[in-house]
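Presented below is the structure to which this report refers.
The values are calculated or read from the model by the stated rules, or taken from the named source; none is laboratory data. Given the structure is predicted, the values throughout are model-derived calculations rather than measurements. Note that each Cβ is placed from the backbone with ideal geometry, even for glycine, and that neighbours are counted across all protein chains shown. Side chains included, ligands, DNA and RNA excluded: accessible areas come from the protein's heavy atoms. Shrake-Rupley method; radii C 1.70, N 1.55, O 1.52, S 1.80 Å.
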Amino acid sequence: MSAAELSKALVGRKLSSVEITGAHLDRIAAVDGDIHAFLHVDNEGALAEAALIDLKRGKGEDLHPLAGVPIAIKDIVATKGLPTTCGSKILDGWIPPYDATIVERIKAAGLPILGKTNMDEFAMGSSTEHSAYGPTRNPWDLDRIPGGSGGGSAAAVAAYETPLAVGTDTGGSIRQPGSMTGTVGVKPTYGGVSRYGLVAMASSLDQAGPVTRTVLDAALLHELLGGHDPLDSTSLDAPVPAVVAAARQADVKGLRIGIVKELGGEGYQAGVSARFNEAVDLLTHAGAEVVEVSCPSFDYALAAYYLVMPSEVSSNLAKFDAMRYGVRVAPHDVDSPDAEQVMAASRDAGFGDEVKRRIILGTYALSSGYYDAYYGSAQKVRTLIARDFAAAFDKADVLVSPTSPTTAFPLGDKLDDPLAMYLQDVATIPANLAGVPGLSLPVGLADEDGLPVGFQFLAPATADDRLYNAAAALEALLEDKWGGALLGQAPVLEGAR
């Protein structure tokens, strides 16, 4: 059942939250040994919250539409009383003394929190293989990656371990796992969802958003998470767009859909391109007007991103110094180490290779004599990308592309080739650099390997409702064609190790 269906069953007293939450905890116990979507499961806390919601509903209290529907949260979001490790050894065992704003909103609405999901360390990766606690596996094929960095949230939703999850998207970390697991992933407009309580990777790029199995579920969660937060200086002081109404409208007649020339063609898997073109044809037959748009600066987006992002990583991760919280390691070859030696030893032991790589890149890009040549130039390219988006949206209401150039690749396939790994985000990165919203919707299975393909919608900043309208319309057309949801075709996971 979708989250919307579970909500109806709860309101109609056909199911209790304890029953629903218990069923999902049972599912986690049965299959997560194979998938490893969760780093921490809060059985006691989730069931206690579910019982409280059932009690309130029994008394006739006015509750949020999603009250009683369980949710999972990416382990980069601060949760009071629950571990928050960011997939890193340097935060092993850290329990925050406060909740992120989005967690406060989830708790206030009465959604039982099932636990924290696995991720690439500090959200640095495109496969969830860079977690210090082991990789997550794709429910479609356990020998393949689920995408990253939020592969845990996407895999948990795809494996029916949770109906809803929260992810974060810095360069595609909600949308790209959505593409590879056959789930719906949304990156809201930058500033549309509070970042207070998210452990920062790259502050000008990070954005939390929903991971679900349907477009309507994503809209319901987006509406709950979004809205102004005075604790976040980058939060937009504006109402949440009418995303739920747009998802229910689902009508593309007269909608101008722009195919981005630079986000396709050479380098894209044949099966990915085929499913993308078929989905465009469906939209055309439903009354949409399709035009091609060119965004030439997108060719430089990947290079600009891998200067801006590591630079901000270098700054943000300086706080992990072993002095205030986290793992502290004393150098083994020094009898009386000073603070700097302890910091160096702790960061060496606590950070993984990918995190160290990006810190070094960022520190170099920000160093004296190179700042203008690297970081400054990347920021100029970022401005050009935003201008390309603005010009494209003069011609089209939404832009579309494949979400990822390939389907899920085998575990270990790209670990020794960072550049090949980085290319997985080539279609998602421009949205983060410009701050515009994006949504990934599953549109079928690739012929080569039978794995899910994602279709990306992009909209102007604060026009998130356009994403939901177009995506919901395409989702309905596809499900009518398939005779049900794509995840219904996923292999059944039986038993657990």
*Within-15-Å neighbourhood charge of Arg256 [Cβ basis; K, R +1; D, E -1]*: -2
*Leaving out ligands, DNA and RNA, what percent of the accessible area of the chain is carbon and sulfur, probe 1.4 Å?*
53 percent
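Please compute the length gained on full extension between Val290 and Ser233, using 0.36 nm multiplied by the number of residues separating them and subtracting their Cα-Cα distance.
Stretched out fully, the Val290 to Ser233 stretch lengthens by 16.7 nm.
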*Using Cα pairs closer than 8 Å and at least 6 residues apart in sequence, work out the relative contact order for the chain, in percent.*
18 percent
_Integer Hz, Karplus 6.51/-1.76/1.60 couplings in order for region 333-338, x for Gly and Pro_ = 9, 10, 6, 10, x, 8
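Which peptide among 94-105, 150-161 comes first, and what is the full order, when sorted by highest mean count of other Cβ atoms within 10 Å?
150-161, 94-105
Considering only protein heavy atoms, what per residue accessible area in square angstrom results for the chain with a 1.4 angstrom probe?
37 Å²
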*Taking the Cα atoms of region 71-201 alone, what are Rg (to one decimal) and Dmax (as a whole number) in Å?*
13.3, 39
*Calculated FRET efficiency, Asp143 and Glu5, Cβ-Cβ r, R0 41 Å, to nearest 0.05?*
0.80
_For the chain, compute the orientation-averaged projected area of the C-alpha convex hull (one quarter of its surface), in nm²._
23.0 nm²
*region 214-261 - Debye-derived log10 I(q)/I(0), Cα point model, q = 0.24 Å⁻¹*: -0.90
*asked:* I'd like the FRET efficiency for Met323 and Ser368, computed as 1/(1 + (r/R0)^6) with the beta carbon distance as r and R0 of 45 Å, rounded to 0.05.
replied: 0.95
*Peptides 21-34, 435-448, 265-278: what's the order by average Cβ count within 10 Å, highest mean first?*
435-448, 21-34, 265-278
*Peptides 306-315, 343-352 ordered by average Cβ neighbours within 10 Å, highest first*: 306-315, 343-352
*Radius of gyration and Dmax over the Cα atoms of region 424-497, both given in Å*: 15.1, 46
_With viscosity set to 0.890 mPa s at 25 °C, what whole-number translational diffusion coefficient in µm²/s follows for region 228-308 from Stokes-Einstein and a Kirkwood radius over Cα pairs?_
151 µm²/s
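Beyond 26 Å, how much of the Cα-Cα pair distribution for region 339-478 remains, as a whole percent?
Result: 46 percent of Cα pairs exceed 26 Å.
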_I want to check the label-to-label distance for Glu278 and Asn43. Put each point 7 Å from Cα in the C-beta direction and report it in nm to one decimal._
4.2 nm
*In terms of Cα to Cα distance under 12 Å, which aspartates and glutamates are near enough to Lys481, apart from those fewer than 8 places away along the same chain?*
Glu278
*Within region 443-486, which residues have the backbone N less than 12 Å from the label spot 7 Å out from Ala242 along Cα→beta-carbon, could you tell me?*
465-466
*Taking 0.36 nm per intervening residue step and subtracting the Cα-Cα distance, what contour gain separates Leu55 from Glu479 on full extension?*
149.0 nm
_Cα-Cα over 22 Å, subset of Lys356/Lys380; Lys89/Lys356; Lys356/Lys414; Lys56/Lys107; Lys14/Lys80_ = Lys356/Lys380; Lys14/Lys80
*asked:* Based on the alpha-carbon set only, what is the convex hull volume of region 308-357 divided per residue, in Å³?
replied: 76 Å³
*Tell me which aspartates and glutamates have Cα within less than 16 Å of Lys74's Cα, excluding those fewer than 8 residues away on the same chain?*
Asp32, Asp42, Asp92, Asp99, Glu104, Asp120, Glu121, Glu129, Glu161, Asp169, Asp206
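Given only helices, namely DSSP H runs of n ≥ 4 each adding -39500 (n - 2.57), what is the per-residue ellipticity at 222 nm of the chain, to the nearest 500 deg cm²/dmol?
-12000 deg cm²/dmol, from helical runs alone.
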*Across all directions of projection, what mean area in square nanometres is found for the Cα convex hull of region 274-429?*
13.5 nm²
*asked:* Run the reach check for Lys395 against aspartates and glutamates, Cα to Cα strictly under 15 Å, same-chain hits fewer than 8 apart removed. What comes back?
replied: Glu289, Glu292
_Extension reserve of the Asp338-Ala108 stretch, reckoned as 0.36 nm per residue once the Cα distance is removed_ = 78.3 nm
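Once you have the Kirkwood Rh of region 3-99 from its Cα pairs, apply Stokes-Einstein at 4 °C and 1.567 mPa s and quote D in µm²/s.
88 µm²/s
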